[in-house]
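Right, one structure below, let's go through it.
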There are 2 protein chains.
Amino acid sequence: MGNGAAGVTIYDVAQAAGVSIKTVSRVINGAPNVRPGTAAAVQRAIDDLGYRPNAAARSLAAGRNDTIGVIVDRLQDPFFGQIVAVAEARALELGMDVLVASTGVEGHRATAHLARLVQRGVAGMLIAPFGDDDPIWREIPRDRPVVLIDRRCGVQGLDVVRADDEQAAKAAVEHLITHGHKRIAFLGAPLRFSTVSDRLDGYLAALAAHGIPADPTIIETHCADATDSTQLLRPRLDAAAPPTAVFSSTPMIAEGVVRALALAGRRDVAHVAFGDFPLADVTSPPTTVIDQCPETLAHAAMDRLLARISGTELAPEDIVLPTRLIPRGSGELLPPPDAPQTRNDMKRTKVTAMEVRQ
Amino acid sequence: MGNGAAGVTIYDVAQAAGVSIKTVSRVINGAPNVRPGTAAAVQRAIDDLGYRPNAAARSLAAGRNDTIGVIVDRLQDPFFGQIVAVAEARALELGMDVLVASTGVEGHRATAHLARLVQRGVAGMLIAPFGDDDPIWREIPRDRPVVLIDRRCGVQGLDVVRADDEQAAKAAVEHLITHGHKRIAFLGAPLRFSTVSDRLDGYLAALAAHGIPADPTIIETHCADATDSTQLLRPRLDAAAPPTAVFSSTPMIAEGVVRALALAGRRDVAHVAFGDFPLADVTSPPTTVIDQCPETLAHAAMDRLLARISGTELAPEDIVLPTRLIPRGSGELLPPPDAPQTRNDMKRTKVTAMEVRQ
DNA sequence: AAGACTCTTGACAGCGCTGTCATCCAGTCG
DNA sequence: CGACTGGATGACAGCGCTGTCAAGAGTCTT
C-alpha cells in the first residue's frame with residue numbers, strides 16, 4: 001500500500017512473492033505463460049511494496065524506450081499547444097511519455113533539441129520544422145521514426161502531415177473574389193515556411209484564375225509576428241488604392257490584422273485568416289477563417305508515428321488533409337461600391353510567384 | 001563527423017582515443033583532473049564517432065535524472081502553454097528536459113501522471129494542481145522536489161508560487177466600484193480551484209469594503225468553460241436588475257463573457273477579467289484585465305524547483321506574486337445613469353463567502 | 001510406459017554508464 | 001635521496017531490468 005517508497009526494486013518484489021525476478025518481470029510486462037496464482041502473488045507483492053519499475057533501467061536493458069519527442073516553435077501558440085496535447089494524449093494511451101522541445105521563434109534551439117532527444121533515446125519524434133530549407137533539418141536522425149507536421153522541410157523520405165495549404169488559400173481568396181473583391185492584400189510570415197509559401201501560391205492561383213493581376217505592393221511576407229502585421233498593414237490601409245480585403249496567412253498574423261483594423265476603426269475591410277483562433281468569432285466583424293483542424297492533423301501524424309514505432313513498415317508519405325472555411329462575417333463583407341480598380345489593371349496581367357518572392 | 005550512428009558506446013570512444021572508459025566518462029562530464037591533451041584526444045574521438053551518451057544508462061548508473069515533469073490542465077491553454085515554455089527554456093539551460101503531462105479538464109489523468117513521472121524518475125516536478133482539496137494531490141511524492149504553481153492544493157509542506165489572487169480580485173472589483181458600479185456580477189469556475197475561491201473572497205471583500213451588499217443571484221461559480229460563462233451570463237443580462245459590470249475570474253471565462261456581450265450587442269457592460277488573453281485589446285470595448293504575468297510566475301517557480309533539485313535546502317514557502325491591472329476600456333465604462341439600485345439594498349448588507357458558497 | 005510436447009520458472013549475462021578505490025607517476029620536501 | 005603528496009588514469013562492481021537459454025513439471029501420444 002502507500003505511496004511507493006522509492007528504492008523498491010524488482011528483487012524486493014521477487015523475494016516478497018517468493019519467485020525469481022524474471023517472473024516479476026513477466027508479470028510487470030504482462031508476458032504470457034505465468035500461472036494466474038503466481039501472477040496474483042506477485043501483483044500483491046508489487047502493491048504491498050509500492051513497487052514501480054525503474055524506467056531508466058528498463059529502457060537500458062530492453063534497448064527501447066517509451067518516450068516520444070515533440071519539437072515545435074512555441075508552446076504558447078495554441079496551434080502547437082493543441083498538437084502537443086494530442087500527442088501527449090495519444091502517447092499516454094500506449095503508456096508512453098512526451099518530451100517537449102520548443103525551438104523558439106527563430107528556431108535557434110532546433111539543432112540542440114534534435115541532439116538531446118536522440119540522446120534521450122526517444123522512440124520517435126513529431127516535428128513541426130521551423131523554416132523550410134533550413135539545414136538544421138538535415139540533422140534529423142534517420143534511425144528512428146520521425147513524422148513532420150504542419151510544414152514540410154527540405155528533407156526527403158519523411159512522412160509529412162499537413163493541411164492543404166495551397167488549395168485552402170486559393171479557396172479563401174476565391175471566397176473574397178466571389179464577394180466582389182479585386183484588391184486583396186496578402187499578409188504573410190516569411191516564405192521560408194513551406195506553409196506560407198504554399199499559401200502564397202494559392203493566393204496567386206486564385207487571382208490568376210479570375211484574371212486579377214497580383215499587386216506586389218499589397219503582398220507582404222515579412223511579418224515575424226502580430227506586431228509586424230499590424231504595422232505593415234496600417235500604411236497600406238491609408239494608401240491611394242487600399243486593399244478592400246485582406247488574407248492573413250497565419251493566425252498570428254491575423255491577430256495583428258484584426259488589431260490594425262480595430263485600431264483604425266475599419267469595419268469595412270474584408271478579412272479571411274488561415275487558421276482559426278480564439279475569439280475570432282467576436283471580433284468586429286467576426287473573422288472568417290480557414291480551419292486547419294490542428295487536432296485532426298495531430299491525430300493523423302500520431303497515427304503515423306505510432307504505427308512506425310510499433311514496427312509497421314510504411315513508405316514515406318505526404319499526407320495532405322483538407323480544411324474548411326468558416327464564414328463568420330468578415331470574409332463576406334462586400335467591397336465599397338466605389339472601390340478603386342486595381343491600379344495596374346492595364347499594365348500587367350500576371351505576377352508570378354517568382355517575382356513576388358523577390 | 002556526421003549524424004552519430006546510434007550504437008556508439010563509451011567503449012568505442014575509449015578504444016579510439018586509447019584511454020579507459022572512465023577517462024571518457026570524465027571528459028563527457030567535465031570532471032576535473034584530466035590532462036588537456038587527453039581530453040582533446042577523447043573529444044576528437046567523440047566527434048569522429050558521433051558518440052552520444054545514453055541517457056538511460058547514465059541515469060541508471062548515476063541514480064539521478066535530468067528530466068523534470070510538468071503537470072498542467074491543458075496544454076492548449078496559453079496560460080499553461082507559457083508556463084511549460086518557461087519551464088522548458090529554464091530546464092534547457094541546465095541541460096535538462098521536460099516531460100509534459102496534462103490532466104485534462106477534469107483532472108482525470110492526474111493520478112496516473114503523477115505515478116508515471118515518478119516512475120520515469122524525474123528529478124522534480126512543477127504542478128498546477130487541478131482542484132484544491134482533491135485527494136489526488138496527496139499522492140504527490142515527497143521524496144523529490146515539487147513546486148506547485150498557480151494554485152494551492154490541500155497538501156502542506158510544498159512550495160507554492162501563485163498570484164495574489166485575493167488582492168488582485170479585490171483591486172479589480174474596486175476598480176469597477178470606483179467607476180460607479182454597484183451591481184457587479186462574478187463569473188467563476190468552480191470553487192474547488194483555490195484561485196477562484198480566493199478571487200471570490202477578493203470580490204466579496206471589495207464589495208464589503210464599500211458597503212455594497214453581495215447579491216448571490218449575480219454570483220456564478222459553475223462555469224466549467226467559456227460556453228458555460230456565455231450561457232450563464234446571458235439570462236442575467238436580461239434580468240430585472242441586470243449587473244452593470246462583470247468580473248470574470250479566469251481568462252477562459254472572460255472569453256465566454258466577451259462572447260455573451262458581443263452576441264447580445266452590449267457594449268455598455270463594464271468587464272474586468274482575471275488574466276490577460278490574446279486579443280483582449282481588440283474586443284469591443286477592449287477588455288480590462290488583471291495580468292497575472294504567467295511567465296513571471298513560471299520563472300519564480302522554476303527558480304525554486306531548480307534550486308531544490310540542485311540540493312539547496314529550503315523551507316517550504318508560499319510565494320505570492322503581485323499582479324497588475326491593465327485598463328483597456330471595458331473596465332472603465334461607467335454604469336448607465338439610470339442603473340437600478342441593488343435589489344436587496346434595504347434587505348441585507350452582507351453576504352459571507354460561506355453563504356455564497358452554498 | 002517411454003518419448004515428445006507444452007507450460008512455468010529461474011539462472012545469468014549483459015544494456016552503457018558512473019562511483020569507488022587502487023595504481024602510477026612526477027614533483028616536493030626534509 | 002627516500003618518503004610524501006597530489007594529479008591523472010584505470011579496473012571493476014554494480015544501477016535495475018530484460019533477453020536468452022535451460023531446466024523442471026505436467027500433459028499427451030502411440
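The values are calculated or read from the model by the stated rules, or taken from the named source; none is laboratory data. Treat the numbers as computed from the prediction; the structure is a model and nothing was measured. We place every Cβ from the backbone using ideal geometry, glycine too, and count neighbours over all the protein chains shown. Just so you know, the surface numbers come from the protein's heavy atoms only, side chains and all, with ligands and any DNA or RNA stripped out. Shrake-Rupley method; radii C 1.70, N 1.55, O 1.52, S 1.80 Å.
A:Ile326 falls short of the stated requirement of being within 19 Å of the chain's Cα centre (by Cα) and either closer than 25 Å to A:Glu166 by Cβ or surrounded by fewer than 16 Cβ atoms within 10 Å (Cβ to Cβ) (or both).
To keep it simple, each residue is scored yes or no on (1) within 12 Å of DNA strand D (Cβ to nearest atom); (2) open to solvent by 20 Å² or more (accessible area, probe 1.4 Å).
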position: B:Gly18; (1), (2): yes, yes
position: B:Ile21; (1), (2): yes, yes
position: B:Pro32; (1), (2): yes, yes
position: B:Leu60; (1), (2): yes, yes
position: B:Gly69; (1), (2): no, no
position: B:Asp73; (1), (2): no, no
position: B:Ala87; (1), (2): no, no
position: B:Leu92; (1), (2): no, yes
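Return a yes/no flag: does the range A:105-116 have any residue that is farther than 26 Å from A:Asp225 by Cα, within 11 Å of another protein chain (Cβ to nearest Cβ) and hydrophobic (A, V, I, L, M, F, W, C). Within the range A:105-116, one or more residues are farther than 26 Å from A:Asp225 by Cα, within 11 Å of another protein chain (Cβ to nearest Cβ) and hydrophobic (A, V, I, L, M, F, W, C). Just so you know, in the range A:34-58 the residues that are open to solvent by 40 Å² or more (accessible area, probe 1.4 Å) and touching a Gly at 6+ places or on another chain (Cβ under 7 Å) include one that is farthest from DNA strand D (Cβ to nearest atom), and it is A:Arg52. Only one of (1) outside the structural domain of B:Asp276 (by TED's automatic domain parsing); (2) part of a loop (DSSP other than H, G, I, E, B); (3) open to solvent by 10 Å² or more (accessible area, probe 1.4 Å) fails for B:Arg138. Which number is that? The one condition B:Arg138 does not meet is (2).
Only one of these is out of contact with any Phe, Trp or Tyr (no Cβ under 7 Å at 6 or more places or on another chain), within 30 Å of A:Leu75 (Cβ to Cβ) and more than 15 Å from DNA strand C (Cβ to nearest atom): B:Arg74, B:Arg90, B:Arg64. Name it. Selected residue: B:Arg90, the only one of B:Arg74, B:Arg90, B:Arg64 that is out of contact with any Phe, Trp or Tyr (no Cβ under 7 Å at 6 or more places or on another chain), within 30 Å of A:Leu75 (Cβ to Cβ) and more than 15 Å from DNA strand C (Cβ to nearest atom). Scan the range A:162-176 and report the pairs whose first residue is of a type in the set (A, V, I, L, M, F, W, C) and whose second residue is open to solvent by 50 Å² or more (accessible area, probe 1.4 Å), with Cβ atoms within less than 7 Å and a gap of 6+ or a chain change. So the pair list comes out as A:Ala171/A:Leu325; A:Ala172/A:Leu325.
Table: residues versus (1) farther than 30 Å from A:Leu126 by Cβ; (2) assigned to a loop (DSSP other than H, G, I, E, B); (3) open to solvent by less than 10 Å² (accessible area, probe 1.4 Å).
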site	(1), (2), (3)
A:Glu174	yes, no, no
A:Lys182	yes, yes, no
A:Phe186	no, no, yes
A:Thr217	yes, no, no
A:Thr227	no, no, no
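Among the residues of the range A:268-291, those identified as within 10 Å of chain B (Cβ to nearest Cβ), free of Cβ contacts under 8 Å to residues at least 60 places away in the same chain, open to solvent by 10 Å² or more (accessible area, probe 1.4 Å) and in a loop (DSSP other than H, G, I, E, B) are A:Thr283, A:Ser284, A:Pro286.
With respect to B:Asn33, is the statement that it is within 12 Å of DNA strand C (Cβ to nearest atom) and either in contact with a Phe, Trp or Tyr (Cβ under 7 Å, 6 or more places away or on another chain) or touching a residue at least 24 places away in the same chain (Cβ under 8 Å) (or both) true? Don't jump to the end; show me each part of the working.
Values: within 12 Å of DNA strand C (Cβ to nearest atom): yes; either in contact with a Phe, Trp or Tyr (Cβ under 7 Å, 6 or more places away or on another chain) or touching a residue at least 24 places away in the same chain (Cβ under 8 Å) (or both): no.
Considered against the rule, which asks whether it is within 12 Å of DNA strand C (Cβ to nearest atom) and either in contact with a Phe, Trp or Tyr (Cβ under 7 Å, 6 or more places away or on another chain) or touching a residue at least 24 places away in the same chain (Cβ under 8 Å) (or both), B:Asn33 comes out as no.
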